[in-house]
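Working notes, beginning with the structure itself.
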C-alpha cells in the first residue's frame, strides 16, 4: 500500500485552501460499502480545500439558529447592531467572562458560576476595582484559579489603557490583553463586535480536521497554520461572524464529539471529507476503500498528513491523529492541619501559597512536598513537628501547665487524598495535631524576607500566615485537594462520616521531606 508522501522537515509546505482551487470530489462507487476509509495514499494538497465546506455554510447557520438556545447559556444573546459602544463593550465583557470560565470546564458547571460572577462584578470596572481574594471567593469550586487572576489582570489593563472597552481588533486583543489568547480574542470580537475574526478552540480544531481530512499532529506549526488559514477564509464569507464561530463551537462540542460523533445529525456531513471517506469506495479497490484524487505533479502532493497507523480506527474518529500524551507525574505532599484549641473555639493555621505557580495565591494548610510518593508514617509525622518549630515562635512542649502552649495530642495520620491536576497526580497525606494553652493565638514567625518583599510587590500584603476560626475555614479559598483534606480531618475530629470513602495510606516506600521539610523551600513553591 502506498504511503502518504511527506516532504522533509526542512522544506516548507504552502497550501491554498481557497474554494477557487480546482478540487474534484471523491469518486462515487457503484456499490458503496460503508465503514471503509481512505488508504494511506498519496493525495494532493487541494484534497484539504474548503470548497465543499464553503458551499454548505448556510446550512450550518440554519442548524445553529434552531439549536443555539438549547443549553440555556445566559451569555449567549442575539447580535444587535444598534447597540451603543458602551453596550457592545458590556457584551464583550460578558462573553469574555464566559469564555474564560468555559476553559476546561463544562457548560452546565459554568452557568451558576457565571450568574454569581455577573451579580457580584456586573461590569468590567467593578472587576478591575475588586480584590483578588474577593474574585477567588466567587470562583471557588470552579478550579484553575489562575483563570480568575488573569481575567482580573486583563480587565484592569482594558480599563486603564483602552478606556474600559475591549479592543475590536482581535490581533490587538490577543497581543495586548493578559490572559487573552488567539481563540479568546477571536470569539469575543466576533460575537460582541461582529469582527470577522476566526476562533479555533479544541472542539473546532477537531471539527476542522475531520471536515478537511487532515491527519497530522494538530499541535504542530504546520497544522496550526493550515487550520487557522481555513477558519479565517471561512469567517470572511459570512455576514454574521459571531454566529458562525459559535455554530462551529456548538457543532464540535455537541455533535462532532471525540468519541461517538453523531454524523447522522450533522448539517455538514455531505461536506465532510472524513465522512465522505466512509461512504464512497473505488471501483479498483478490492477492499472497498476510497481512493483520493490522483496527484498530477509531485509538487502538488500534500506535505502535511502523516500515514495512518497499521490498524486505523474505522470512520471519522481516526481524525484527528492520535498523539501520545505525556504521562502525568506522580507527586506527594504532607498536609499539616495544625489546630489551636481554646475553651470556646478552635483555630487553624493557614499559609498563603506563592503568587506564581500551581494554585498561586490560594490558602492552604502548611504543606511539605515529599521526595517520594510512598512515605512512611514516621517520616510524615515528623513533618508536622518540623513545621510547628519553624512557623510558631513559642515552641509547644508536652506535659506542661495548661496555661502554657503545649501539645494536647500527638500528630496523627488521618488519611490521604488523591487529586488529579492536568499534569500532576497528587497524593495529599492529611496530618492533624492539636495545640492548647496560652492566653492568645500562638505568635507566628515572619515570612522569610525574600518572599515578603516579593509578595508586597505582587499582592500589597506581607502576611503569609494566619490563624482562622474553625467556622471560617470553609470560606477560605483553597484548592479542591486541600478542601478534601479538610473534610477528612473534620470527619476524624467530629466523628461524622463524609460520603467519600477514605483511601488507605501507602506505607511501602520511604520518603523524606524536601530539604528536611524546610518551610523556606516550601514557600518558594516547587510545583
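Nothing in this text is a laboratory measurement; each read-out follows from the coordinates by a stated rule. This is a predicted model, so every value here is computed, not measured. A quick note on method: Cβ atoms are made from the backbone with ideal geometry, for glycine too, and the neighbour counts reach across all protein chains shown.
In table form, for the structure just shown:
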read-out	value
Tensor-based shape of segment 238-278 (alpha-carbon gyration tensor, a/c under 1.5 rounded, otherwise prolate or oblate)	oblate
426, 257 arranged by Cβ crowding within 10 Å, fewest neighbours leading	257, 426
Extension gain from residue 356 to residue 341, taking 0.36 nm per residue of separation minus the Cα-Cα distance	2.1 nm
Computed log₁₀ I(q)/I(0) - Debye formula, equal Cα scatterers, no solvent, segment 80-193, q 0.13 Å⁻¹	-0.43
Ascending count of other beta-carbon atoms within 10 Å, so fewest first, for 489, 483	483, 489
